[in-house]
Every structure is written in C-alpha cells, then in structure tokens.
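Below is one structure, written out as structure tokens; the observations come after it.
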Amino acid sequence: MHELSLIANLFEIMEEKAAEKNAKKITHVVLQVGKLAGVVPELLITAFDMYKKDTIASEGNLEIKEVPLKILCRDCKTEVVKDDFVFICAKCGSSNLKTLAGMELYLEKMELEVD
Amino acid sequence: MPHNKTKMKTKEVMVLEDLLGSNKKIADQIRKKLTAKGILTINLLSSPGSGKTTLLESLSEILTPEYKMAVIEGDIETERDADRIRAKGIPAWQITTGGACHLEAKMIGKLFPKIPADLDFLFIENVGNLVCPASFDLGENIRCVLLSIPEGDDKPKKYPKAFITSHCLVISKTDLAPVLPFNIEKAKKEALEINPNLKLLTTSAQSGAGIKELAEYFIESLQKIRRTNA
C-alpha cells in the first residue's frame, strides 16, 4: 500500500500549483496512471479521499485516466499496445523494444476555483 | 449578506508532473555522488523470507576483506537484520519504517553523512515486499530482485514491475529445488520475456552454490563504474 505515499506527493504538487494560481479550492484532479505504474487505481482514490480532509481539495474528487502499455520495436518499427507483459516483438521476435507509454504516474490537470 | 457564489471562477490548469519526481530527483543526486566516489550501490528487492540477509552474509565472506562493504537495512520494525550483518564485522544501518512498505530515496539521503567514502559496495536491503519497492528509485546502480524456490516459479508474471525494473534476478534457495515443484527454466524464461536484459543467476546460501558468480557480477559492475569515472 504505497498508494498513500504517492497521494502525499500528489498533494504536495497540488498545493504548490494551487498557491501559484491563488486558488481557493481544488475541485477536480486528473491523474494519468500507466498500466505498469504498479499502483491500484481504487486504492489511489481511497487514499485521496482519506488525505483530502482539511485540505484545499476537501471537496475535490480524483479522476484516474488509465494509460495502456505501448511499445515500439526498434528493429521492425512496429508499435503495439500490449495486454500482457511479454517484451518480445510479436512480429519479428526482437527484444530490442522501447516503452512508449504505460509507466506514467502523472498529475495531468486540476480544476480550481479562483476569485 | 448572502455569500455570493457567482464571484468564484472555475479554472482548469494543466500540470503534467510526475508523482515520483521528487523521489527521482533525490535518487539521481545519491547515485551521482556515490558513483563519483567509486561506490557501487545495490538495491536488493524481494518478498519477505527470500533470503536477502542470508545472501548478504554469504556475500560478505567472499567480498571481504579484499573489498569494503556496508549495508542499509530496511524493515518495518526491529534491528535484527542489521545486528546479523554487524555480527559479520560489516557496518550496517537499520531504517525502521514503522509501517511503510518500502524505502524512499530521502531515507537513504538522511544516512548519507554516515557512509564512509572508501567503500566499494553499498547494499540496500529493501523492506520485504515484491510490489511497492519497485516504484521507488533509491539511487542504486544495480537493482537486484530475489526469487526463492519456495515462492513458486510464477512470480515474474504476477509481479512484473519488480522484474521489469531490475538489472539482475537471483533465484535463491536452489538447494530446495529437488523437493519443490519450482521449474527454474520456466521462471528464467518468463523473467526474460518481461525483461530481456535481465542478468540471471542462481544461488544457494546453504551449499554456497552461485554465491561466487554473484560476487563476480558485482565486482565487474564496480570495475565498470570506476572505468567510467576515470
């Protein structure tokens, strides 16, 4: 359950950005979570709801955008969205692959209330 | 006067910031400083009870006195693992997380002033857990994941992140292979499917098999960072 430490990091970033914009409230938060980010989206939401009390986001909600695992074969240049974690190109058998997406754990955007 | 809600405006701001960014920043600083001192840092990761501490005890017998090593022990509670390492004459520092399931770079950063500059190897034994530690870079040069025979050969596919982010897989307790249904070749094959660059090693701290090869892999990696420094 490292989701709570990640949510603590999220709040640090949120509070810093909200202060820059002189926001009064954070009403909506969008997170990008890669398939290989190693977190459970439901637990992130539970942790967010626990953590938000008495913060600027006390009435805010967390939306999770799941990002599929996408790899590129450096040899045959095929780009594939993977459902499994087999890092071998299905087309040419190469293991010379690059992960293009799927590792994300990003605060994408927030909705703020400002004066 | 009634509160005038219409005065408030809603505004959307794009941020795109990594939740692990602050950890990564500290980890990069640790890696840079330790590598510049010619110290190879190894993050040992596994489920509880796969034999991380025992493996360190066995490694210490091969690496010392020629090489100097030290160990950072991560556990939820107790100094037991650090005491075992100290009993071997190896400096060890215990981090007790008091409940947290993984180590973070800032915890290693706090110990930084204690780390002797003339070390060769700094081992970090992470909290026993095959899930959470995989997300936190500690500033290591090598991430080494252990999988012991009693855990079962299906773990690489079930816990992919630990295996994808590691440089080296050690299949430990191989002395138990004859009595348990663990297929070493299957585990190796599946681990390589999810991470084709993984260095594969097998060890038994009981018989001593494979410990020398693992020590040699760390010595070669140490020489590699020192050549790059030179």
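The values are calculated or read from the model by the stated rules, or taken from the named source; none is laboratory data. Quantities reported herein were computed from a predicted structural model and do not represent experimental measurements. Cβ sites come from the backbone with ideal geometry, for glycine too, and all protein chains shown count toward neighbours.
Scan region A:88-112 for residues that are farther than 18 Å from A:PRO41 by Cα and either more than 7 Å from every other protein chain (Cβ to nearest Cβ) or surrounded by fewer than 20 Cβ atoms within 10 Å (Cβ to Cβ) (or both) and report the count.
Residues in region A:88-112 being farther than 18 Å from A:PRO41 by Cα and either more than 7 Å from every other protein chain (Cβ to nearest Cβ) or surrounded by fewer than 20 Cβ atoms within 10 Å (Cβ to Cβ) (or both): 14 in total.
Inspect region B:159-174 for any residue being more than 14 Å from every other protein chain (Cβ to nearest Cβ), modelled with pLDDT of 95 or more and over 17 Å from the mean Cα position of the chain (by Cα) and give the result as yes or no.
Yes, region B:159-174 contains a residue that is more than 14 Å from every other protein chain (Cβ to nearest Cβ), modelled with pLDDT of 95 or more and over 17 Å from the mean Cα position of the chain (by Cα).
Being farther than 20 Å from B:THR35 by Cβ and either without any contact (Cβ under 8 Å) to a residue 12 or more places away in the chain or touching a Cys at 6+ places or on another chain (Cβ under 6 Å) (or both) is the filter; apply it to region B:94-119 and report the residue that is surrounded by the most Cβ atoms within 10 Å (Cβ to Cβ).
Narrowing region B:94-119 to residues farther than 20 Å from B:THR35 by Cβ: B:94-102.
Applying the additional criterion that residues be either without any contact (Cβ under 8 Å) to a residue 12 or more places away in the chain or touching a Cys at 6+ places or on another chain (Cβ under 6 Å) (or both) yields B:101-102.
Details: B:CYS101: 18, B:HIS102: 21.
Out of the qualifying residues, it is B:HIS102.
A quick yes/no check of all residues on (1) more than 9 Å from every other protein chain (Cβ to nearest Cβ); (2) under 28 Å from B:GLU12 (Cβ atoms); (3) at pLDDT below 95:
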| site | (1), (2), (3) |
| --- | --- |
| A:ALA18 | no, yes, no |
| A:ILE56 | yes, yes, no |
| A:ILE64 | yes, yes, no |
| A:VAL67 | yes, yes, no |
| A:VAL80 | yes, no, yes |
| A:PHE85 | no, no, yes |
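Return a yes/no flag: does region B:22-33 have any residue that is among the small types (Gly, Ala, Ser), within 14 Å of chain A (Cβ to nearest Cβ) and within 30 Å of A:MET110 (Cα to Cα). I'd like the intermediate steps shown before the answer.
As a first pass, look at region B:22-33 and keep what is among the small types (Gly, Ala, Ser): B:22, B:27.
The next check asks that each one be within 14 Å of chain A (Cβ to nearest Cβ); those that pass are B:22, B:27.
Now restrict to residues that are within 30 Å of A:MET110 (Cα to Cα): B:22, B:27.
Yes, there is a match, as at least one residue in region B:22-33 is among the small types (Gly, Ala, Ser), within 14 Å of chain A (Cβ to nearest Cβ) and within 30 Å of A:MET110 (Cα to Cα).
So, in region A:15-62, exactly how many residues are crowded, with 20+ Cβ neighbours inside 10 Å, in contact (Cβ under 8 Å) with a residue 60 or more places away in the chain and assigned to a helix (DSSP H, G or I)?
Of the residues in region A:15-62, 1 are crowded, with 20+ Cβ neighbours inside 10 Å, in contact (Cβ under 8 Å) with a residue 60 or more places away in the chain and assigned to a helix (DSSP H, G or I).
What single numbered condition from (1) without any contact (Cβ under 8 Å) to a residue 24 or more places away in the chain; (2) not in a strand (DSSP E or B) fails to hold for A:VAL80?
(2)
Please work out if A:LYS70 is among the basic types (Lys, Arg) and surrounded by 19 or more Cβ atoms within 10 Å (Cβ to Cβ). Walk me through how you get there before you give the answer.
Numbers: among the basic types (Lys, Arg): yes; surrounded by 19 or more Cβ atoms within 10 Å (Cβ to Cβ): no.
Criteria not met by A:LYS70.
Every residue in region B:157-178 that is within 17 Å of B:SER50 (Cβ to Cβ) and either in a strand (DSSP E or B) or without any contact (Cβ under 8 Å) to a residue 12 or more places away in the chain (or both), please.
Passing the criteria: B:LYS158, B:CYS168, B:LEU169, B:VAL170, B:ILE171, B:SER172.
What's the total number of residues in region B:68-113 that are within 14 Å of another protein chain (Cβ to nearest Cβ) and among the β-branched types (Val, Ile, Thr)?
Final tally of qualifying residues: 2.
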